[in-house]
Amino acid sequence: MKWSEICIHTTQEAVEPVSNILHEAGASGVVIEDPHDLVKVWDTNFGEIYQLSQDDYPEEGVLVKAYLPMNSFLGEAVDAIKESINQLLSFDIDLGHNTVSVSEVNEEEWATAWKKYYKPVKVSNLITITPTWEDYEKVHDDELIIELDPGMAFGTGTHPTTVLCIQALERYLTTGDAVIDVGTGSGVLTIAAAKLGASHILALDLDEVAVNSAKINVKLNKTQEFVTIKQNNLLKTIDYTPNLIVANILAEVIVQMTDDAFSLLQARGKLITSGIIKGKKEEVKNALENSGFTIIETIVMEDWLAIIAEKPE
């Protein structure tokens, strides 16, 4: 299938309304190329890191791009987009250059073009996540490598919530621990636990696609002998007593499983929870404490946080 790339050269002020216009025109998403990203100072050495090229960005202003299928309605859609953008002037929105260009994109090239931006990422002191197509050599002997193919695996494994969980696993997992990974997704936390010395990991996810993806990634990383993966609703009907449970899921879901987690964990066992936006911190802490846990650490990255809790003796 052939697609048309609609590119609007505008200003930072106009990015949100222009993006909204493109969404209303049928675009399922937008690409924003802002030269400020080239000089942005990140507040952490860990997380999503891409090799950005200055050649891909305008010298001034911002490029907002969207993709529409090439069909008989394309001309009308582009005219309507231009008209709607020009109407923003009546709201005193600075449109800058306000140029609109249209170019053809081949779907096969488009589907793989993103790969050039995904590079090996050091997410903790010991663990580096690398795409399967990159030849990566260890920087030091203790470094642990996780290979992922994000095309099949629910993202790159470098979202702040995943990074927080991996860093917590590195600190709290003891060699020989039995582990449960709730909402395993790509299996990245299960693989991390195996490489950090867990004796066995039970990886759970309600989504059958996630279960299959995790199985592929676990085999890719040669950790399958330490892992059992199954489809399951959180911790319901689980008969397993781990030393550690890790759950990178939404706060609204975490609060539903704190009682089950407390019941299953061995004494002095740890529960690592993430996927928690800052505004949900107190809700999750209250649920953990009401279930009997003691909060031992809260760690923050950008707008996300992880809470580590312990089951008392």
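The values are calculated or read from the model by the stated rules, or taken from the named source; none is laboratory data. Computed from a predicted structure; not experimentally measured. Note: ideal-geometry Cβ built from the backbone for every residue, glycine included; neighbour counts use all protein chains shown.
Observations on the model:
- Here residue 219 qualifies as without any contact (Cβ under 8 Å) to a residue 24 or more places away in the chain and over 20 Å from the mean Cα position of the chain (by Cα).
- If the condition is being surrounded by fewer than 22 Cβ atoms within 10 Å (Cβ to Cβ), more than 11 Å from residue 202 (Cα to Cα) and at pLDDT 95 or above, then segment 238-252 contributes only 243.
- Output for segment 8-29, where each listed residue is under 10 Å from residue 67 (Cβ atoms) and surrounded by fewer than 18 Cβ atoms within 10 Å (Cβ to Cβ): 26, 28, 29
- All positions within segment 135-158 that are modelled with pLDDT under 85 and either surrounded by 20 or more Cβ atoms within 10 Å (Cβ to Cβ) or farther than 27 Å from residue 207 by Cα (or both): 153, 154, 156, 157, 158
- Remark: residue 261 matches the filter, which requires a residue to be modelled with pLDDT of 95 or more and either of a type in the set (A, V, I, L, M, F, W, C) or over 19 Å from residue 162 (Cα atoms) (or both).
- Qualifying residue in segment 66-89 (condition: under 30 Å from residue 300 (Cα atoms), out of contact with any Asp or Glu (no Cβ under 9 Å at 6 or more places or on another chain), in a loop (DSSP other than H, G, I, E, B) and modelled with pLDDT under 85): no
- Count of segment 6-23 residues which are in contact with a Leu (Cβ under 9 Å, 6 or more places away or on another chain) and either modelled with pLDDT under 90 or in a helix (DSSP H, G or I) (or both): 4
- Residue in segment 24-32 that is assigned to a helix (DSSP H, G or I), modelled with pLDDT of 85 or more and aliphatic (A, V, I, L, M) present: no
- Of all residues in segment 286-309, those that are in contact (Cβ under 8 Å) with a residue 24 or more places away in the chain have Cβ atoms under 7 Å from Cβ atoms of residues that are among the aromatic types (Phe, Trp, Tyr), 6 or more apart or on another chain, in 291/262; 292/262; 293/262; 308/172; 309/293.
- Residue identified as surrounded by 15 or more Cβ atoms within 10 Å (Cβ to Cβ), in the same structural domain as residue 170 (by TED's automatic domain parsing) and of a type outside the set (Lys, Arg) among 286, 290, 232: 232
Each row is one residue, and each column tells you yes or no for (1) closer than 26 Å to residue 176 by Cβ; (2) of a type outside the set (Lys, Arg).
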residue: 206; (1), (2): no, yes
residue: 223; (1), (2): yes, yes
residue: 227; (1), (2): yes, yes
residue: 230; (1), (2): yes, no
residue: 244; (1), (2): yes, yes
residue: 252; (1), (2): no, yes
residue: 266; (1), (2): yes, yes
residue: 272; (1), (2): yes, yes
residue: 279; (1), (2): no, yes
